[in-house]
1. Collect the residues in the range 43-60 that are farther than 17 Å from Asn103 by Cα and in a loop (DSSP other than H, G, I, E, B), keeping them in residue-number order.
2. Of (1) touching a Pro at 6+ places or on another chain (Cβ under 9 Å); (2) on the phi < 0 side of the Ramachandran plot, Arg118 satisfies all except one. Which?
3. Within the group Ser149, Ser159, Ser125, Ser173, which residue is more than 16 Å from Gly75 (Cα to Cα), modelled with pLDDT of 90 or more and in contact with a strand residue (DSSP E or B) (Cβ under 7 Å, 6 or more places away or on another chain)?
4. Looking at (1) surrounded by fewer than 14 Cβ atoms within 10 Å (Cβ to Cβ); (2) in contact (Cβ under 8 Å) with a residue 24 or more places away in the chain; (3) over 25 Å from Val212 (Cα atoms), find the lone condition where Arg68 falls short.
5. Residue check: is Gly48 within 20 Å of Ile228 (Cβ to Cβ) and surrounded by fewer than 16 Cβ atoms within 10 Å (Cβ to Cβ)?
6. Identify, from the list Val36, Val40, the residue that is aliphatic (A, V, I, L, M), farther than 13 Å from Gly75 by Cβ and crowded, with 17+ Cβ neighbours inside 10 Å.
Amino acid sequence: MNDFMNLAGKRILLLGATADIGRAIALNARDLGAEVQGIVRQDPGDMGFPVEALDLLDALAVEAYVRRLDTPLDGLVYCIGDSIKAPLSSLTPDVVHRAVDVNLNTLIVMLRALVMARKLKRGASVVLVSSVSAYLGVRGMAPYAMTKSALLVATRTFSNELMRHGVRVNSVSPVMVRTRMFEPEQQAWLEEMSKRHYPQGLGEPVDVAAPVLFLLSDEASAINGTDIILSAGAMTTA
């Protein structure tokens with residue numbers, strides 16, 4: 001049991017590495033022995049692990065990146081999520097298209113490229129970071145919640161499709177997490193959301209990192225097509 005959640009030697013690609021949750025996953029995976037590379041939109045400088053700037057909506061650029069990978073990956077973590085908010089009164093197709101591009105298509109482009117190039121090892125683990133918003137009807141959050149719900153469908157469907165390749169696909173759905181994504185002027189809204197929906201309060205990035213790292217580990221080899229809900233009590237309230 002001393003080697004529980006030992007990721008030594010595992011090569012893990014993390015999409016969305018600059019976000020607080022992504023960085024927490026990367027740094028803790030590194031501390032457990034993994035070789036982590038992050039994909040970012042713009043190079044942020046030293047992150048404590050290697051990163052590469054890449055437009056994940058540019059299929060040709062993504063395919064070229066995948067071809068450069070010298071060995072297949074042991075893990076892929078999808079941790080991209082733009083909290084796009086719009087009530088029905090201001091919800092337009094353009095808003096929805098933007099949410100789908102940022103929060104869903106970026107996964108499809110990379111995962112398809114990796115699978116087609118056979119750059120996921122047999123025994124590899126794919127972990128998608130969804131949201132408890134996929135389960136709750138939070139006002140004004142439809143664009144974000146719809147795309148996060150789509151990740152749950154992707155988890156079940158892709159786990160079925162990739163099972164024959166020995167690749168597992170799971171997801172985690174965290175409660176709203178206190179990150180830099182929220183501007184200072186949104187803090188009052190955050191606190192109100194916490195009181196209304198999350199009895200145990202807002203989550204922290206490390207709360208999400210822990211189950212993601214478990215799903216990447218060999219100890220989770222029997223878990224496939226499953227979502228782990230990190231609801232902080234939100235799913236138990238009336």
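The values are calculated or read from the model by the stated rules, or taken from the named source; none is laboratory data. Keep in mind that this is a model prediction, so the values were computed, not measured. Cβ sites come from the backbone with ideal geometry, for glycine too, and all protein chains shown count toward neighbours.
1. Within the range 43-60, the first condition is being farther than 17 Å from Asn103 by Cα, and the residues that meet it are 43-53, 60.
Within the range 43-60, Asp43, Pro44, Gly45, Asp46, Met47, Gly48, Phe49, Pro50 qualify.
2. (2)
3. Ser173
4. It fails just one condition, (2).
5. no
6. None of the other options fit; the residue is Val40.
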